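*Asks:* Take this structure first; my questions come after.
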Amino acid sequence: MILSPSLLSANFADLGSELQNLEKAGINWLHLDIMDGAFVPNITFGPPLIKSLRKECGLFFDVHLMIEEPARYIDAFAEAGSDLLVIHAESDRHLERTLSAIAAHKLKVGLALNPGTDLGVLRWLAGDLDLVLIMSVNPGFSGQKFLPASVEKVRSCRKLLDSLGCSHVVIEVDGGVCPENAQELVAAGADVLVSGSAFFAYPPYATRSQVFQSACKPRTSPADAWKTRYSRLV
């Protein structure tokens, strides 16, 4: 399991120290939530901040675009130093074209699905993806309560991807994730867990990371399948 702490819950008054502490704790990923006030009712930050953070650390930048018409900004986020760009199925009229544009920048390609969005869209796009992000809350604000139906959605997503010959595609879960539901999500097929307040509010980060890892008992899927997904993603 990969833990991807969400920067939104970090101490913005001292982001440099936060990044250093994450790396010292053995964290490899950082989840960056980009919100535009249109697709979701909140505004966060954009490429300039990512570019600044990129100079400060070697973390894998897991960039989640909760914005309208994401195709307009692919170049900017790629140039800022993103490693993975995740767009929402609900925010783009020409998904395949935008996903291809991300891949053209040699970035990893992700597609996010809101709680009410059916998995059927993956049937035609799974071959273009490196990652599927299952939203386990309605996007827009951190600290929301986890939606229990998300566990079954993760399980169904894993089955669908495998049936399409896309077992290499990684599943990420974002929203209300904590040590109490981490094991169930991983057992259902989740590979990457995004955690904001349930992570950053409990320093030291090395200890909190271990709490998450310890909560996730061995996966039910074969270890070699997980290793294949991980190696292809990073």
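The values are calculated or read from the model by the stated rules, or taken from the named source; none is laboratory data. Since the model is a prediction, treat every value here as computed from it, not as a measurement. Every residue, glycine as well, gets a Cβ built from its backbone with ideal geometry; the counts of neighbours run over all protein chains shown.
*Asks:* Would you check which residues across segment 166-210 are more than 23 Å from LEU32 (Cβ to Cβ) and in a helix (DSSP H, G or I) and list them?
*Replies:* Selection gives GLU180, GLN183, GLU184, ALA187, ALA188, THR207, GLN210.
*Asks:* Which number in (1) surrounded by fewer than 20 Cβ atoms within 10 Å (Cβ to Cβ); (2) touching an Asp or Glu at 6+ places or on another chain (Cβ under 7 Å) marks the one condition that THR98 misses?
*Replies:* Looking at each condition in turn, THR98 falls short on (1).
*Asks:* Still on this model: Looking at segment 138-148, can you tell me whether even one residue there is within 18 Å of LEU233 (Cβ to Cβ) and not aromatic (Phe, Trp, Tyr)?
*Replies:* Looking for residues that are within 18 Å of LEU233 (Cβ to Cβ) and not aromatic (Phe, Trp, Tyr), one finds none in segment 138-148, hence no.
*Asks:* Select from segment 19-31 the residues that are surrounded by 17 or more Cβ atoms within 10 Å (Cβ to Cβ), in contact (Cβ under 8 Å) with a residue 40 or more places away in the chain and not β-branched (Val, Ile, Thr) and list them in ascending order. Break it down stepwise before answering.
*Replies:* To start, the set of residues in segment 19-31 that are surrounded by 17 or more Cβ atoms within 10 Å (Cβ to Cβ) comprises 19, 21-22, 25, 27, 29-31.
When the remaining residues are screened for being in contact (Cβ under 8 Å) with a residue 40 or more places away in the chain, the result is 19, 21-22, 25, 27, 29, 31.
Answer for segment 19-31, where residues must be surrounded by 17 or more Cβ atoms within 10 Å (Cβ to Cβ), in contact (Cβ under 8 Å) with a residue 40 or more places away in the chain and not β-branched (Val, Ile, Thr): LEU19, ASN21, LEU22, ALA25, TRP29, HIS31.
*Asks:* Quick test for you: out of GLY189, GLY196, GLY140, GLY120, pick the one residue that is out of contact with any helix residue (DSSP H, G or I) (no Cβ under 7 Å at 6 or more places or on another chain) and either buried (at least 23 other Cβ atoms within 10 Å of the Cβ) or at pLDDT 95 or above (or both).
*Replies:* Values: GLY189 fails: out of contact with any helix residue (DSSP H, G or I) (no Cβ under 7 Å at 6 or more places or on another chain); GLY196 fails: out of contact with any helix residue (DSSP H, G or I) (no Cβ under 7 Å at 6 or more places or on another chain); GLY140 fails: either buried (at least 23 other Cβ atoms within 10 Å of the Cβ) or at pLDDT 95 or above (or both).
Result: GLY120 is the single residue among GLY189, GLY196, GLY140, GLY120 that is out of contact with any helix residue (DSSP H, G or I) (no Cβ under 7 Å at 6 or more places or on another chain) and either buried (at least 23 other Cβ atoms within 10 Å of the Cβ) or at pLDDT 95 or above (or both).
Conditions (1) touching a Pro at 6+ places or on another chain (Cβ under 9 Å); (2) surrounded by fewer than 21 Cβ atoms within 10 Å (Cβ to Cβ), marked per residue:
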residue: VAL40; (1), (2): yes, no
residue: PRO47; (1), (2): no, yes
residue: PHE60; (1), (2): no, yes
residue: VAL63; (1), (2): no, no
residue: GLU68; (1), (2): no, yes
residue: ALA71; (1), (2): no, yes
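*Asks:* So which residues in segment 1-40 are of a type outside the set (A, V, I, L, M), in contact with a Phe, Trp or Tyr (Cβ under 9 Å, 6 or more places away or on another chain) and assigned to a loop (DSSP other than H, G, I, E, B), if there are any at all?
*Replies:* Residues satisfying the conditions are ASN11, GLY26, ASN28.
*Asks:* Where the second residue is among the hydrophobic types (A, V, I, L, M, F, W, C) and in a loop (DSSP other than H, G, I, E, B) and the first is under 12 Å from GLY176 (Cβ atoms) and lies in segment 140-163, which pairs have Cβ atoms under 8 Å and are six or more apart or on separate chains?
*Replies:* That search, which allows pairs on different chains as well, returns GLN144/VAL137; LYS145/VAL137; PHE146/VAL137; PHE146/VAL177; PHE146/CYS178; LEU147/VAL137.
*Asks:* Going through SER6, SER17 one at a time, which residue ends up being under 24 Å from LEU185 (Cα atoms) and among the small types (Gly, Ala, Ser)? I'd like the intermediate steps shown before the answer.
*Replies:* Details: SER17 fails: under 24 Å from LEU185 (Cα atoms).
The conditions single out SER6.
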